[in-house]
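Report on one structure; see the data block that follows.
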Amino acid sequence: MSFYIVMNNASQDQNILECPTKDTLGNVPHYYSRMVNLKENDFVFHYNHGLIDGVSKITHSTIINENHNFLARIDFTRLKNPLHIRSNWSIIKELLPHEYSPFQINSVENDGFLYPCSDDLSMYLLSKIFKYNAEVIDEDEIRHTEVQLEILMRRGQHLYKERLVNLWEGKCAICHINLPELLRASHAKPWKDSNQHERLDPYNGLLLCAHHDALFDKGLISFDQEGQILMSEVLLSSSPQVYQVASDMKLDFFEENKKYLLWHQCYIFKK
């Protein structure tokens with residue numbers, strides 16, 4: 001099961017999602033081509049004019065119709081009490097991906113049609129929608145969807161940590177501590193920004209102790225393409241100095257780590 005946000009879909013009341021296969025210049029934007037990924041039982045949040053005003057499940061996978069548009073059939077439910085995006089922006093903005101976000105940093109919608117919805121954002125939207133729309137939403141259906149999503153997340157995170165533990169021989173990549181209770185599976189490209197392969201790829205991250213995981217996760221440290229540690233200005237100016245972090249530290253990583261560490265340096269690291 002995958003989750004999506006569809007923007008201003010005019011045909012939702014006809015129980016269909018429909019969009020062009022190309023833009024007016026003949027290009028194939030990601031927000032159109034993503035339609036080919038839809039499969040039965042995928043879940044869609046419907047955004048219109050500042051509101052999540054409906055939800056749907058895919059009932060039939062995407063086809064190309066007689067107008068040469070992408071078309072997928074859905075089972076659409078209109079919400080009696082839509083969810084106002086800006087009223088919930090302080091939480092929503094923290095759950096959006098850096099790439100392919102349906103919204104800009106000021107909560108204004110991006111142009112386009114179909115966007116991915118991260119697992120954490122999906123969980124949040126589901127809980128808020130059910131809270132205010134219990135009379136029109138099937139509680140069992142929503143609870144089942146939430147449980148399925150949580151199971152998938154936990155399984156994925158457990159498998160990812162197992163792979164990291166094997167790759168790094170059960171030791172923190174920075175300080176080499178080997179106490180299992182203190183080790184964390186840290187993503188370089190976060191879960192919410194990653195596709196299914198990247199989420200489980202052991203090279204997309206580092207096995208770190210809780211201390212270094214917190215620094216890496218918050219973007220206070222990163223590593224360049226030679227493995228040299230990068231320290232944020234916040235860290236450099238902290239008093240007293242942060243334990244076990246020094247400007248001469250160097251990480252001995254794998255070649256496959258490079259693209260993910262570059263992503264972390266560009267989008268997570270706080271210079």
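Go through the residues of region 208-222 one by one and say whether even a single one is free of Cβ contacts under 8 Å to residues at least 24 places away in the same chain and of a type in the set (Gly, Ala, Ser). The answer is yes; a qualifying residue exists.
Can you tell me which residue within region 59-91, out of those that are of a type in the set (D, E, K, R) and within 24 Å of ALA134 (Cβ to Cβ), is farthest from the chain's Cα centre (by Cα)? In this case the residue turns out to be LYS80.
Could you tell me whether region 108-119 includes any residue that is among the aliphatic types (A, V, I, L, M), outside any helix (DSSP H, G or I) and free of Cβ contacts under 8 Å to residues at least 24 places away in the same chain? Scanning region 108-119 turns up at least one residue that is among the aliphatic types (A, V, I, L, M), outside any helix (DSSP H, G or I) and free of Cβ contacts under 8 Å to residues at least 24 places away in the same chain. The conditions of being crowded, with 19+ Cβ neighbours inside 10 Å and of a type outside the set (Ser, Thr, Tyr) are met by PRO116. Take the conditions (1) assigned to a helix (DSSP H, G or I); (2) of a type in the set (Gly, Ala, Ser); (3) over 17 Å from TYR47 (Cα atoms); ALA134 misses just one of them, which is (1).
Taken over region 226-266, the criterion of being free of Cβ contacts under 8 Å to residues at least 12 places away in the same chain, among the aliphatic types (A, V, I, L, M) and closer than 21 Å to HIS98 by Cα is satisfied by no residue. Applying the criterion of being among the basic types (Lys, Arg) and assigned to a loop (DSSP other than H, G, I, E, B) to the residues of region 226-271, the residue that is surrounded by the most Cβ atoms within 10 Å (Cβ to Cβ) is LYS270. Working only within region 214-225, note down all residues that are closer than 28 Å to PHE3 by Cα and buried (at least 21 other Cβ atoms within 10 Å of the Cβ). Once the filter is applied, which keeps residues that are closer than 28 Å to PHE3 by Cα and buried (at least 21 other Cβ atoms within 10 Å of the Cβ), region 214-225 yields only PHE216. Out of all the residues in region 7-32, which are touching a residue at least 12 places away in the same chain (Cβ under 8 Å), more than 10 Å from PHE76 (Cβ to Cβ) and not acidic (Asp, Glu)? Result: MET7, ASN8, CYS19, PRO20, THR21, PRO29, HIS30, TYR31, TYR32. Only one of the numbered conditions (1) exposed (fewer than 14 other Cβ atoms within 10 Å of the Cβ); (2) touching an Asp or Glu at 6+ places or on another chain (Cβ under 9 Å); (3) part of a loop (DSSP other than H, G, I, E, B) is violated by GLU150, and that is (3). Taking every residue in region 159-180 that is in the same structural domain as GLY227 (by TED's automatic domain parsing) and under 16 Å from PHE253 (Cβ atoms) and pairing it with any residue that is in a loop (DSSP other than H, G, I, E, B) and small (Gly, Ala, Ser), at least 6 positions away or on another chain, yields no pair with a Cβ-Cβ distance below 7 Å.
The values are calculated or read from the model by the stated rules, or taken from the named source; none is laboratory data. In this text, all values refer to a predicted model and were calculated from it rather than measured experimentally. Methodologically, a virtual Cβ is constructed for each residue, glycine included, from the backbone with ideal geometry; neighbour enumeration extends over all protein chains shown.
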